[in-house]
1. Between segment 263-311 and segment 153-175, what's the alpha-carbon centroid distance in Å?
2. Pop a pseudo-label 7 angstrom from the Cα along the beta-carbon direction at both T212 and D78 and give the gap in nm to one decimal.
3. Just to be sure I understand: with springs between alpha-carbon atoms less than 10 Å apart, which residue in P260, P192, P147 has the highest mean-square fluctuation in the Gaussian network model of the chain?
4. If you place +1 on the Cβ of every Lys and Arg, -1 on the Cβ of every Asp and Glu, and leave all else neutral, what size is the dipole of segment 156-317 about its Cα centre, to the nearest 20 Debye?
5. What is the pair-distance distribution P(r) of segment 29-153, computed from all Cα-Cα distances in 5 Å bins starting at 0, with each bin given as a whole percent?
6. When a/c reaches 1.5 or more, the comparison of a/b and b/c decides; with that in mind, is segment 156-317 rounded, prolate or oblate per its Cα gyration tensor?
7. In terms of Cα to Cα distance under 24 Å, which lysines are near enough to K35, apart from those fewer than 8 places away along the same chain?
8. Report the charge-dipole magnitude of segment 15-153 in Debye, nearest 20, computed about the Cα centre from +1 at each Lys and Arg Cβ and -1 at each Asp and Glu Cβ.
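What follows draws every value from the coordinates through simple rules; no lab data is involved. Given the structure is predicted, the values throughout are model-derived calculations rather than measurements. Counting neighbours? That spans all protein chains shown, and the Cβs are built from the backbone with ideal geometry, glycine included.
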Amino acid sequence: MSSYLESPAVCHLPRVTVIGAGRVGSTLAQRIAEKNLADVVLLDIVKGMPQGLALDLMEARGIEIHNRQIIGTNDYIDTSGSEIVVITAGIPRKPGMSRDDLLKTNAKIVVEAAKNAIAHSPNAILIVVTNPLDVMTYLAWQASGLPRDRVMGMAGVLDSARFEAFIALELGVLPADVKAMVLGSHGDLMVPLPRYANVNGIPITELLDAATIERLVERTRNGGAEIVELMQTGGAFFAPASAVSVMVESILLNQSRLLPVAAYLQGEYGLNDVFIGVPCRLSCGGIESVLELNITDEEKAALHLSAQSVRQNIDRAQEILAAVSV
């Protein structure tokens, strides 16, 4: 008599590594596990912290009704075989600091994290969250040696969500009915596109006057700084974690969602050798394609100015890293 259990199959469960167990990293681990997307490895240099957070999240599994494994560790060997690696490690902004002020410290952290993670998960897709985001994504791409379609930065999803939230609050409509698009760097020179913002298909230019739209655009550009000023002891983490989880979901489930992310450009939008926020399709291979929107000359100039600032900071970061390695 034969049995179907004589040679039991070994099921492969997807694994996502989150480097940095701070507020963004730990909240992201929670989002991924509770969405039942993947097992999560939470890594941090602080002894005991990722282990404690992982245990806390594991103890909630019965309540949240999922069976995903969450591992806390200080050792990169435990991250082996990850489909996706998310880098959130780095020092956060403090009141009065710009994202660029974080350049020196975070450059070294991100480069080391990218090298160590990819050494143990050479087939992984890399998502960078650490600020200044576009610069850190470039450094992580260089350090990892991965092809450009497997490295991206989380920025546009968050910035677009903030723009959508402010539009919804202004109009008193359901946030899910609002769609918006923000291009460019994750900073003061980001490029929100009011022409592409709508409420259930109705352009916001028909619902709001020009002065109100400009006010919401400026609030979007300063969305992170506004939270830093209010909190004083840290920055945003709920919305950033949600933004990354959407990217992770689109990749793991091969959804091919069109999302604005920091991608490496080779001629698109007239830009080269820079990571900058543009709409991309995300699937199981990473960035499936970059969509070139029909933008105005004014919008293109703003995007190029944003990219120029990123390029200057990339050069600064490379000089800093070269000086440290001497």
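1. 20
2. 5.1
3. It is P147.
4. Here the size comes out at about 300 debye.
5. With a bin width of 5 Å, the distribution comes to 2, 11, 20, 20, 19, 15, 9, 4, 0.
6. It comes out rounded by the Cα gyration axes.
7. Once the sequence-local lysines are set aside, what remains near K35 is K179.
8. Roughly 280 debye for segment 15-153.
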